[in-house]
Each structure stands twice: as C-alpha cells, then as structure tokens.
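Accompanying notes for the structure given below.
Rule-based calculations on the coordinates, nothing more; no lab input. What you are looking at is a predicted structure, and each value in this text was computed from that prediction instead of being measured. A quick note on method: Cβ atoms are made from the backbone with ideal geometry, for glycine too, and the neighbour counts reach across all protein chains shown.
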Amino acid sequence: MARTLGIPVLTYHAMNIGGNDYSSNDHVALATDLRSIRKLGKDVIPLSHVVDWHEGKRPDEEVLDAVAISIDDGSWFDYYDLDHPTCGRQRSMFNIARDHQNRDRERRPVHLTSFVIASPEARSSLDRSCMIGKGWWSDQWWKEAADSGIMEIASHSWDHVHPQLEVVAQRDQIKGDFSKVDCVDDAERQIAQAGEYIARVLDGRKPDLFAYPWGAASDYVVTEYLPKFLERHGLRAAFNIEPRPVTRSDNAWLLPRFVCGRDWKSQQGLQDILAAI
Ligand SMILES: [Zn+2]
C-alpha cells in the first residue's frame, strides 16, 4: 500500500537563546537544519502552500520532498540581527533564511512563517517581563518582512493568554492555557481582533493562518468558532503542536507541527524525523 503523503512543519522560537550551540539556541538550530534539509534533497516551501495542498488546491508533486518552517511569538529576533546580553550577536531567523538562499539559488527559495502576538500592549509588557525591556517586541518590522517574499506574518492570538500579563482576553483570567478560550466573546478577542490588528499593520493584508498559543485549542474554537465564523476571522487553517506531519485527512483547524527543542534536539534528531516520513 502506498504510504500517506505527509508534510512536516517545523517550529522554532527565535527567543530561545540560552547559549550558542544547537541545543541552546534556535538560530544555530535553524541554520544547521536548513543545511540538513538541503542535503536530504528537500525544499522549504511556504506554509501557505502546505495549506493550499491540504485544501486540494495544489498537487502532490508541489509538496513532495518539502518541509515548511514556522517561528512562534514574533519578536525582533525573527527579523533583526541583535546583540544578546549574554550570548553576543545573533543572526536573525530572517537573515539566516536569506543567507541560506543566497548560497544556493538552484533550489526553491526558503520561506518562513512568523506567528506573531498581535496586541501591542501585551508585547510591550512581555518585552519588559520576559525580555530585557529594549523594545524588541514591537511590530515595526512586520510589513517589511511580509513584503520580502521570504517571510509571511501570521497570527498567534491577541495576547497568548500569557501568564506574565496582568489581564488577558479570557473571561475568568485563566492564563497559560489557550483551551480555556471557549466562548464567542473570548474567541472574537483572541482570534478576530488579532487578525484585524495585524491587517492594519500590514496595510490591509489579513493573516489567514493561526497557531494556537501553547499548542492547544478548545472544542468550541475547533468545532464552532473557526468553522462557523469564517467571515469574522478570515482564517483558513490553524496549527497545534502535535508532533507529526500534515496529511490531507487532517482537520484544517488542527494541523500538526514539530517543535525544535521538544521533538528534536540535534541535527541527527531532525534527520531522524525527516527520514521517518
Ligand atoms: Zn507561542
């Protein structure tokens, strides 16, 4: 029997910088993994192409031997090279992808999708509580990134129901668990409002992909809000962090992704994932 075609979606966190080796730094991991992916003869295609294929709008041939890459949380480390306070100069995820592409123009261009936290107040507060308060979580780079052809800006909710925030868009103030977003008012604030804000920054381009903060979603969001309020949120797919490749039979509101540092921790670890698909 033919094996079901599956496309791996790999997820990184640009703020994961605890050192300068593979296991402590997602920038080092991404640069290494792009080389491994190429060595294995695979291309990095836009995540939107995976969703097109899932919807039956792209043929299998366009996604065969391909992976897609997403980055979560959307800080300046996605786009700008920055001096980390203890680990030194860091090449941005965007520039790592561009460097890689410039070295090998034979293959299809590398593409990244950045899932950003929409709320400017939440980002500004998290910049002070989770980073070093240098303003490295603003959205001034989104438009330039989205215009580059290398990086798409997509939605990672309004405020990530982040535990470091004083107030979150969840009616009981339950933080750290997006599956507690389970009524229309909270879904509107976390999903529709996030899309509207991002669209304003992108001159009207509304994101159509969503990644659940912390990976989980409520049944209400998956079976009611996302499928039935399409004209409100404008999305066509949502991603969790179940570690397996996307197949055509998956629910569009529960598309899986692998996470660097959790599902693989080394160059070999990623090669093992890709070899098993
Ligand atoms: Zn996140």
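At a glance:
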| quantity | calculated |
| --- | --- |
| Beta bridges by DSSP in the chain, antiparallel share as percent, to the nearest 5 | 15 |
| Neighbourhood net charge (11 Å Cβ-Cβ; Lys/Arg +1, Asp/Glu -1) for Asp182 | -4 |
| Value at 222 nm in deg cm²/dmol, rounded to 500, when DSSP H runs of n ≥ 4 in the chain each add -39,500 (n - 2.57) | -7500 deg cm²/dmol |
| Per-residue ³J(HN,Hα) for segment 138-145, Karplus 6.51 cos²θ - 1.76 cosθ + 1.60, θ = phi - 60°, Hz, x for Gly and Pro | 7, 9, 5, 9, 4, 5, 4, 5 |
| Charge dipole of segment 9-275 about the Cα centre (unit charges at C-beta), most positive-ward option of Ala66, Ala31, Trp136 | Ala31 |
| Segment 6-102: trypsin sites (Lys or Arg not before Pro) in DSSP loop, at most 15 other beta carbons within 10 Å | Lys57 |
| The chain, relative contact order [Cα under 8 Å, separation at least 6], % | 20 |
| Count, lysine Cα pairs under 29 Å in the chain, 8 or more residues apart or across chains | 18 |
| For Gly234, net neighbour charge (Lys/Arg +1, Asp/Glu -1) across residues whose Cβ lies under 13 Å away | 0 |
| Candidates Val116, Val44, Val184, ranked by Gaussian network fluctuation over the chain, Cα under 10 Å, top entry | Val184 |
| Compactness of the chain, expressed as Rg and Dmax over alpha-carbon positions, Å | 17.8, 55 |
| GluC sites (Glu not before Pro) restricted to DSSP loop in segment 84-164 with at most 15 other C-beta within 10 Å | Glu106 |
